[in-house]
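The values are calculated or read from the model by the stated rules, or taken from the named source; none is laboratory data. Since the structure is predicted, the reported quantities are computational estimates derived from the model, not experimental observations. For neighbour counting, all protein chains shown are included, and Cβ atoms are generated from backbone atoms with ideal geometry for every residue, glycine included. Just the protein is used for accessible areas: all its heavy atoms, side chains included, with ligands, DNA and RNA removed. Shrake-Rupley method; radii C 1.70, N 1.55, O 1.52, S 1.80 Å.
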Amino acid sequence: MQFTRRSLIFLILLCLSLATPCPSQPLAPPDSSTNSARYETRAQHDPDGIGKFYQGREIAHVMGHQAADWLERPEREQEERPDLVLAALHLKPGEAVADIGAGTGFYTRRMAKLVGDQGLIYAVEIQQEMLDLLTNKMAELNIRNVKPVLGTITDPKLPPLSIDLALMVDVYHEFDHPHEMIEAMCRALKPGGRIVFVEFRGEDPNVPIKPLHKMTIAQVRKEMALQPLQWIETSEILPRQHIIVFRKKA
């Protein structure tokens, strides 16, 4: 086959255009060997889990928006004592807080009152349906210091150095990429900012929650030891859950 000089130039330019990614379509980060080694997948696993393991713990299935009513059940006030959780957070007026896995806004709306009009609550969810329920509730209650954020399974999409505290209530055990999520939260924390876990006690078989939806103190601390975080305290004031607090290292 004979090529003219013009044809050769055209073919070269075509090859270059195919090899060069379009700026408007950023490439997904490659699955590095470090990331691959971070997680383990097993064919045989608990039916309540996704078959993916992190630091020896199987990750639980995410609760879908179809079960949103469970987050607003009347007995939750007595079973989980959110009043004690909020008191343990020691929130101050004007602070910025991320409610990670905010759901219907059960904690979002309560924290919004504590930080006041000069404060801000980032309500982070990966399910748009949950955010829709949350924003409708905030509008109904005329709460205006809440910013809904649609995150991803690897990134809560929070601005760098923007928050004083990140709260996770019964959600961390469901994170598909727990290491990456906590890394991103640490980047969003201001110096000295805190990350707080509220998780059902994995040590207690009498807590009526499926095992993969509970966590032990030892497991939480084991996983956070891989992050730039310092354990501060663990509180057992709740009927069924731990409150485990970490601070961002200087």
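For His61, the criteria (1) free of Cβ contacts under 8 Å to residues at least 60 places away in the same chain; (2) open to solvent by 80 Å² or more (accessible area, probe 1.4 Å) hold in every case but one, which is (1).
The listed residues are Leu89, Leu18, Leu114, Leu14, and the only one of them that is open to solvent by less than 90 Å² (accessible area, probe 1.4 Å) and at pLDDT below 50 turns out to be Leu14.
Out of the residues in segment 237-248 that are open to solvent by 40 Å² or more (accessible area, probe 1.4 Å) and touching a helix residue (DSSP H, G or I) at 6+ places or on another chain (Cβ under 9 Å), state the one that is nearest to Arg81 (Cα to Cα). Talk me through it step by step, then tell me what you get.
Step one: filter segment 237-248 for residues open to solvent by 40 Å² or more (accessible area, probe 1.4 Å), giving 237, 239-240, 247-248.
Then drop every residue that is not touching a helix residue (DSSP H, G or I) at 6+ places or on another chain (Cβ under 9 Å), which leaves 237, 239-240, 248.
Working: Ile237: 9, Pro239: 8, Arg240: 9, Lys248: 27 Å.
Filtering segment 237-248 for residues that are open to solvent by 40 Å² or more (accessible area, probe 1.4 Å) and touching a helix residue (DSSP H, G or I) at 6+ places or on another chain (Cβ under 9 Å), the one nearest to Arg81 (Cα to Cα) comes out as Pro239.
Return the residues of segment 117-135 that are part of a loop (DSSP other than H, G, I, E, B) and open to solvent by 10 Å² or more (accessible area, probe 1.4 Å); say none if nothing qualifies. Scanning segment 117-135 gives Asp117, Gln118, Ile126, Gln127. Residue count for segment 112-152 under the criterion of being under 25 Å from Pro191 (Cβ atoms) and touching a helix residue (DSSP H, G or I) at 6+ places or on another chain (Cβ under 7 Å): the result is 5. If the condition is being touching a Lys or Arg at 6+ places or on another chain (Cβ under 8 Å) and open to solvent by 70 Å² or more (accessible area, probe 1.4 Å), then segment 209-235 contributes Gln230, Trp231.
Could you list, in sequence order, the residues of segment 73-86 that are in a helix (DSSP H, G or I) and surrounded by 13 or more Cβ atoms within 10 Å (Cβ to Cβ)?
Let us first name the residues in segment 73-86 that are in a helix (DSSP H, G or I), namely 76-80, 82-86.
If the condition is that a residue be in a helix (DSSP H, G or I) and surrounded by 13 or more Cβ atoms within 10 Å (Cβ to Cβ), then Arg76, Glu79, Glu80, Pro82, Leu84, Val85, Leu86 are the ones that fit.
Considering the conditions (1) assigned to a strand (DSSP E or B); (2) open to solvent by less than 60 Å² (accessible area, probe 1.4 Å); (3) of a type outside the set (D, E, K, R); (4) farther than 21 Å from Ala88 by Cβ, His179 is excluded by exactly one of them, (1).
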